[in-house]
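These notes concern the structure reproduced below.
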Amino acid sequence: MPDFSPVITLAYMRILGRRPDPGGLASWNRSMNDGLSEAGMREGLLRSAEYAQAHPDLAARARSGGERRKAGAAPAGKGARRAAE
């Protein structure tokens, strides 16, 4: 079974500004092993109550999809470069 801990930890650091707690890490790892994509996991973090509480002004945009670039997704379109890690 693959270990997605590095991907999950990076997403937590970028989106929530902290390392994942053991329960959250295990839960997301299980979900990703069950087929959840990295984008789906990041979307879940952006839609979390923790993110909304810490970033009330950005949370509304995240719910509408406007915050994806800030979370590390590459911009869409021809010739778009991958977001820097």
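The values are calculated or read from the model by the stated rules, or taken from the named source; none is laboratory data. None of these values were measured; they are calculated from a predicted model. Neighbour counts run over all protein chains shown; Cβ positions are idealised from the backbone, glycine included. With ligands, DNA and RNA removed, areas are computed over all heavy atoms of the protein, side chains included. Shrake-Rupley method; radii C 1.70, N 1.55, O 1.52, S 1.80 Å.
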Based on this model, can you work out whether ARG42 counts as among the basic types (Lys, Arg) and open to solvent by 50 Å² or more (accessible area, probe 1.4 Å)? no
Any chance SER27 is surrounded by fewer than 16 Cβ atoms within 10 Å (Cβ to Cβ) and in a helix (DSSP H, G or I): yes
